[in-house]
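> Here it is: the structure, laid out below.
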Amino acid sequence: MDFRLVRILRDTDVQEILSGTPRRLGTHIRFANHYQILQDGPLAEGEGVLLGYDLPEDGVHCVSLYRCLDGRYLYHDSTPRPMHHLVRRFMQIHNIPQEQVTIVDAIVQGPVSHTCAYHALTFLDIVSSVVIEDSWLVVKHYKEAIRSFFPDELVVLRVFRMIGEFHNTINLTATSIYDSVLPPVH
């Protein structure tokens with residue numbers, strides 16, 4: 001797959017995917033942009049949120065938070081960044097102790113690709129599709145499903161397959177090198 005032909009997912013794309021997909025993802029996952037997560041209520045068991053927030057050096061970045069059926073929370077970031085302050089604040093507001101949060105350490109995004117939204121959607125799709133009581137087994141299931149020598153390609157193909165399952169207006173073809181998941185080479 002030539003990543004120069006695949007564009008970055010925008011918040012409108014994510015919202016259209018979540019509202020249109022017939023998968024469990026569409027009914028149990030919500031999208032929050034920036035500080036909207038602080039205004040949302042707590043997550044029920046089996047629910048998740050995809051958070052998009054601004055990074056001064058890198059544009060917008062996406063992470064995921066999911067509440068397992070055993071009540072534990074899973075935090076996923078496809079890059080080696082610390083937990084975002086908005087997620088920490090969300091947990092403080094809803095009195096979620098830090099020991100109830102598992103940081104999923106599957107750092108799989110390529111070092112130069114902008115595929116974080118693809119990774120966040122894939123993570124939430126995988127963990128919300130299994131009905132397993134034990135959060136550790138949910139993480140194990142995710143890591144087994146994402147294991148690949150080409151994780152960026154895997155998540156992009158998974159999202160392509162996902163949007164092919166319902167009527168939508170999403171076109172993931174890049175119109176310029178600046179819209180591609182790969183940064184322009186200077």
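> Quick check for me: using +1 on Lys/Arg Cβ and -1 on Asp/Glu Cβ, what's the dipole size of the stretch 77-139 about its Cα centre, in debye to the nearest 20?
Details: 3 positive and 6 negative charges, 68 e Å.
It comes to approximately 320 debye.
> Here are several values of percent of Cα pairs over 25 Å apart: [x] 42; [y] 30; [z] 62. Which one was derived from the coordinates shown?
It is the value labelled [y].
> Return the FRET efficiency for the residue pair residue 54, residue 179: r is the Cβ-Cβ distance, R0 is 25 Å, and the value is rounded to the nearest 0.05. Let's see the in-between values first.
Numbers: r = 18 Å, r/R0 = 0.72.
Here the calculated transfer efficiency is 0.90.
> Another question, if that's okay. Angle, helix 151-163 long axis vs. longest principal axis of the chain, Cα atoms, 0 to 90°, nearest 10?
Between the helix axis and the principal axis of the chain, the angle is about 90 degrees.
> How high is the FRET efficiency from residue 149 to residue 98, r the C-beta distance, R0 22 Å, rounded to 0.05? The partial results should precede the final answer.
Working: r = 34 Å, r/R0 = 1.53.
E between residue 149 and residue 98, to the nearest 0.05, is 0.05.
> Using a Gaussian network model of the chain with C-alpha springs under 10 Å, which one of 76, 84, 119 is most mobile by mean-square fluctuation?
Of the options given, 84 has the highest mean-square fluctuation.
> Per 0.36 nm of contour for each residue apart, how much would the distance between residue 129 and residue 160 grow if the chain were fully extended, relative to their Cα-Cα spacing? Intermediate values should be presented prior to the final figure.
Numbers: separation 31, 0.36 × 31 = 11.16 nm, distance 1.74 nm.
This chain segment gains 9.4 nm when fully extended.
> What spacing in nm lies between the two simple spin-label points modelled at residue 69 and residue 10, each 7 Å away from Cα in the Cβ direction?
3.8
> Still on this structure, please answer the following. How would you rank 162, 83, 91, going from fewest to most other Cβ atoms within 10 Å of each one's own Cβ? Let's see the in-between values first.
On the way: 162 22, 83 15, 91 19.
Final ranking by Cβ density, sparse to dense: 83, 91, 162.
> Based on Cβ point charges of +1 for Lys and Arg and -1 for Asp and Glu, what charge dipole magnitude is obtained for the stretch 3-163 about its Cα centre, in debye rounded to the nearest 20?
Details: 16 positive and 19 negative charges, 50 e Å.
In debye, rounded to 20, the stretch 3-163 gives about 240.
> Looking at 135, 145, 39, which one has the Cα that reaches farthest to the positive end of the dipole of the stretch 3-163 (charges on Cβ: Lys, Arg +1; Asp, Glu -1)?
Of the options given, the answer is 145.
> While we're on this one: Given a 10 angstrom Cα cut-off, can you work out which residue in 47, 133, 144 is the most mobile in a GNM of the chain?
Comparing 47, 133, 144 in a Gaussian network model of the chain, the most mobile one is 144.
> Right, next: What is the magnitude of the charge dipole of the stretch 1-72 about its Cα centre, with +1 placed on the Cβ of each Lys and Arg, -1 on the Cβ of each Asp and Glu, and no other charges, expressed in debye to the nearest 20? Walk me through the numbers before you get to the answer.
Working: 8 positive and 11 negative charges, 52 e Å.
Result for the stretch 1-72 is approximately 240 debye, rounded to the nearest 20.
> Counting only DSSP beta bridges with both residues in the chain, tell me the antiparallel percent, nearest 5. All intermediate terms of the calculation are to be shown ahead of the outcome.
Numbers: 14 of 23 bridges.
Given both bridge residues lie in the chain, the antiparallel proportion sits at roughly 60 percent.
> What are the extents of the Cα atoms of the stretch 76-186 along their three principal axes, listed from largest to smallest and rounded to whole Å?
44, 32, 29
Here, each number is a calculation from the coordinates, and none is a lab measurement. Every value quoted in this text rests on a predicted model; they were computed, and no experiment measured them. For neighbour counting, all protein chains shown are included, and Cβ atoms are generated from backbone atoms with ideal geometry for every residue, glycine included.
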